[in-house]
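Report on the following structure.
The values are calculated or read from the model by the stated rules, or taken from the named source; none is laboratory data. Quick caveat: nothing in here was measured; it's all calculated off a predicted structure. No Cβ is skipped: glycine too gets one built from the backbone with ideal geometry, and neighbour counts run over all protein chains shown.
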């Protein structure tokens, strides 16, 4: 297909149209509303035969997806911020029932005070719910990650729900050039949904969501943990197939001028693109710097990150979320990954961009300057007004 100009929400809706899921349950919340608005147009125009359900809340949206997926339907939804928080109970149920629901999360700050702009507090709060979490840098990645999410979620070694995360307004509303995959190629790549033990298979009845006593609860959590562990090789397998189809190469992390760098900044989401521009500018001035993007946050790619950061002089980890009374979640995972390395670089945390606070090239140059000078504290607040 020819290149088109769309925003991130429209790109996700297009991916859903090409996949034609069985059920979409939706409830509007900024900045993801464009996704379900655009997809509802496809439904109304007869371009898909998806059963589209306008629910009365985000909790209901996920409840509908849980019921539909358990019945054997390929199910999708999207949300943001307080909407994700309102789904809280159902997030854990969807994961524990091993339902391959795909949900786009337009990352947005959580109240209060109320704020509709980007940070990662919504997805970070859900990081231990049992969902796979993939973060997109730009519109193209939002679209590509959406296509790959279905393959990962429905893989027989995984069968877990997936969050396709994209930064609110920065990616959801930014109009960029997109190279879509041909419709038939998408259908072939994603394939037909083959449900496992569907609830409506009355000849082979199964119990869903029963009361789990201590005799079995632990074993079921262990099975989830093993399924999450399987995501890493499955992600690489799916990404390899995707590269053959599109020429676009993805992995669980992305290194940019990291191999020979002495100082490395680590980030997720749209900030990775800005960091690349910073690295380009500083390299021209002779600074040996690089940046590393974490694409797959859950499960966390410990081995890949440890290998990429071994031997560096210093590492700065950027968290677009604040963890009150503790360090940032990305920071703690990165430092944990480095623990088994023979040489530990000085690793510091930068909290930034809360509530949509802009972070530009000059802001991020501060991170590298403080790393090189050795003046960064363990936890730093980038761009806060003193």
Problem - Flag if residue 59 is in contact with a helix residue (DSSP H, G or I) (Cβ under 8 Å, 6 or more places away or on another chain), part of a helix (DSSP H, G or I), surrounded by fewer than 21 Cβ atoms within 10 Å (Cβ to Cβ) and assigned by TED's automatic domain parsing to the domain that holds residue 173 - result: yes
Practice task
Out of 38, 85, 70, 25, report the one residue that is in a helix (DSSP H, G or I), within 22 Å of the chain's Cα centre (by Cα) and within 22 Å of residue 160 (Cα to Cα).
Solution key: 85
Practice task
Report yes if some residue within the range 365-376 is in contact with a helix residue (DSSP H, G or I) (Cβ under 6 Å, 6 or more places away or on another chain), buried (at least 19 other Cβ atoms within 10 Å of the Cβ), part of a loop (DSSP other than H, G, I, E, B) and not assigned by TED's automatic domain parsing to the domain that holds residue 167; otherwise report no.
Solution key: yes
Exercise for the section: Could you grab me the full set of residues in the range 291-336 that are more than 22 Å from the chain's Cα centre (by Cα), without any contact (Cβ under 8 Å) to a residue 60 or more places away in the chain and part of a strand (DSSP E or B)? Expected result: 315
Practice task
Find the residue count for the range 377-386, including only residues that are over 17 Å from residue 312 (Cα atoms) and surrounded by 11 or more Cβ atoms within 10 Å (Cβ to Cβ).
Solution key: 5
Exercise for the section: State yes or no: is residue 245 closer than 19 Å to residue 99 by Cα and either in a helix (DSSP H, G or I) or touching a residue at least 60 places away in the same chain (Cβ under 8 Å) (or both)? Expected result: no
Problem - Residue check for residue 273: buried (at least 21 other Cβ atoms within 10 Å of the Cβ), closer than 27 Å to residue 120 by Cα and in contact (Cβ under 8 Å) with a residue 12 or more places away in the chain - result: no
Fill in the blank from the handout: Per the filter on the range 73-92, residues more than 25 Å from residue 321 (Cα to Cα) and touching a helix residue (DSSP H, G or I) at 6+ places or on another chain (Cβ under 7 Å) are 75, 76
Exercise for the section: Evaluate the range 147-166: report whether one residue or more is surrounded by 14 or more Cβ atoms within 10 Å (Cβ to Cβ), under 16 Å from the mean Cα position of the chain (by Cα) and farther than 19 Å from residue 234 by Cα. Expected result: yes
